[in-house]
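K.L.:
Before we start, here is the structure in question, set down as structure tokens.
The values are calculated or read from the model by the stated rules, or taken from the named source; none is laboratory data. Here the structure is a predicted model, which means the values were calculated and not measured. FYI the Cβ positions are ideal-geometry reconstructions off the backbone, even for glycines, and counts take in every protein chain you see. The accessibility values were calculated without ligands, DNA or RNA, using every heavy atom of the protein model including side chains. Shrake-Rupley method; radii C 1.70, N 1.55, O 1.52, S 1.80 Å.
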Amino acid sequence: MAYTIIGCGSALPERTVTNDELSGFLDTSDEWIRTRTGIETRHVCTAESLDELAEAACRNALASAGLEVSDIDLIVCSTTSGDHLMPAEACAVAERLGAACPAFDVSAACAGFVFALDVADGYFARGRAKHALILSAEKMSRLMDWEDRTTCVLFGDGAAAVVAEAGGESPIWTHLVTKPDVASLDVPGLAGESPFDERRAEAPASHLTMKGRKVFRFAVSSMEQELKLLVAETGIPLSAIDHFIFHQANERILESVCKRLDLPEEKVVRTIHETGNISSACIALALDRLDRAGELHEGDLAVLCGFGAGLDVGTCLIRWKKA
Ligand code: ACO
């Protein structure tokens, strides 16, 4: 059955935070952050809730698709930083939109958008949906230890969504990988207040910790491996691909992958300098940016590849054909 993406939308918090602002309260500098990561600013929630951003992204995607919410049969949201532990972020969005379809979340960190697309693809394949909203919404600022310069300078907040319609050529190829490893990138769950929990006192705070160098190496080698696998399994050479939409974690990761695979810089999308790492929302946001800039043409091939906590990697090849 497969699907076609027929609409894109996104929403970022109004407030941008510069590297210089961070160096006002952290032992860091614009020079360090720029040269080690490529990040110049990030958007951070102040008055907005993530529910509001997610709703705005979905409304923009629906408008771009020319559909009403009553046309939607499924809402899948990828998030690890939603406004609610329960219900799913997707349910909060469904309520705001007035949707009456199944709505649930997928948790696969920065690879989440590609995992969520794959879930929606299953609904299309089984004839269970004609139109699906696939959303990524992340408020990474709530997971940070704002005294830890090794992590809090890297992330930002935002939401982005696509509307997919059953039928079409996408995905041409999908591959999801999990290399189980919690310690390399972890946000512990809430400690809770159970009087029966003998380990409550030693429970760590719900802050993100990361073994940066290890994740860096994992990201570069996984992306190289996945793209080589794509070529081997589809017979489509990388030179035939028009857009490489990779997770935006570090400019140096993007440069390393371009160098290893000899990818032309102009085909590799970059938003990292402006948004930092918005986890699973990076890829969906980049799609929306390309679409609105008129850079996605009918028949274009785009690779989407996300990697992150899990450690998860999700890669797919789609053909662009917006209605
Ligand atoms: N400002 C100034 N100095 C800093 C900062 C900072 N913000 N952060 C770290 N440093 C220091 C370190 O303390 C260290 O100092 P030392 O040598 O005196 O010990 C030095 O800079 C070098 O630190 P490294 O960690 O080796 O720096 P590196 O060049 O590896 O960059 C980074 C760190 C940016 C985290 C990089 O490793 C990276 O991008 N890793 C991948 C992250 C990633 O891909 N995440 C994706 C998944 S996110 C998700 O799933 C939610």
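K.L.:
Here's a check for you: in the stretch 69-83, which residue that is farther than 25 Å from N277 by Cβ and of a type in the set (D, E, K, R) is surrounded by the fewest Cβ atoms within 10 Å (Cβ to Cβ)?
P.N.:
The qualifying residue surrounded by the fewest Cβ atoms within 10 Å (Cβ to Cβ) is D71.
K.L.:
Give me the residue from the stretch 110-128 that is open to solvent by 10 Å² or more (accessible area, probe 1.4 Å) and of a type outside the set (D, E, K, R) and, out of that set, farthest from the ligand (Cβ to nearest atom).
P.N.:
G127
K.L.:
Using the structure shown, decide if C282 is within 23 Å of T80 (Cα to Cα), touching a Pro at 6+ places or on another chain (Cβ under 6 Å) and not small (G, A, S).
P.N.:
So C282 does not fit the description; no.
K.L.:
Select from the stretch 92-109 the residues that are more than 16 Å from the ligand (Cβ to nearest atom), open to solvent by less than 50 Å² (accessible area, probe 1.4 Å) and outside any loop (DSSP other than H, G, I, E, B) and list them in ascending order.
P.N.:
Matches in the stretch 92-109: A92, V93, A94, L97, A103.
K.L.:
Going through the stretch 18-68 one residue at a time, which ones are buried (at least 17 other Cβ atoms within 10 Å of the Cβ), farther than 21 Å from L285 by Cβ and either more than 10 Å from the ligand (Cβ to nearest atom) or free of Cβ contacts under 8 Å to residues at least 40 places away in the same chain (or both)?
P.N.:
S23
K.L.:
Let me ask something else about it. Quick check on T150: is it touching a Cys at 6+ places or on another chain (Cβ under 7 Å) and open to solvent by 20 Å² or more (accessible area, probe 1.4 Å)?
P.N.:
Here the answer is no, as T150 does not meet what is asked.
K.L.:
Evaluate the following for V220: is it open to solvent by less than 80 Å² (accessible area, probe 1.4 Å) and without any contact (Cβ under 8 Å) to a residue 12 or more places away in the chain?
P.N.:
Here the answer is no, as V220 does not meet what is asked.
K.L.:
Given (1) within 16 Å of the ligand (Cβ to nearest atom); (2) surrounded by fewer than 22 Cβ atoms within 10 Å (Cβ to Cβ); (3) closer than 23 Å to T18 by Cα, identify the lone condition not met by K214.
P.N.:
(3)
K.L.:
Is it fair to say A161 is among the small types (G, A, S), open to solvent by less than 20 Å² (accessible area, probe 1.4 Å) and modelled with pLDDT of 95 or more?
P.N.:
So A161 fits the description; yes.
K.L.:
Has the stretch 224-241 got any residue that is within 16 Å of the ligand (Cβ to nearest atom), within 17 Å of the chain's Cα centre (by Cα) and within 23 Å of T35 (Cα to Cα)?
P.N.:
For the stretch 224-241, residues within 16 Å of the ligand (Cβ to nearest atom), within 17 Å of the chain's Cα centre (by Cα) and within 23 Å of T35 (Cα to Cα): absent.
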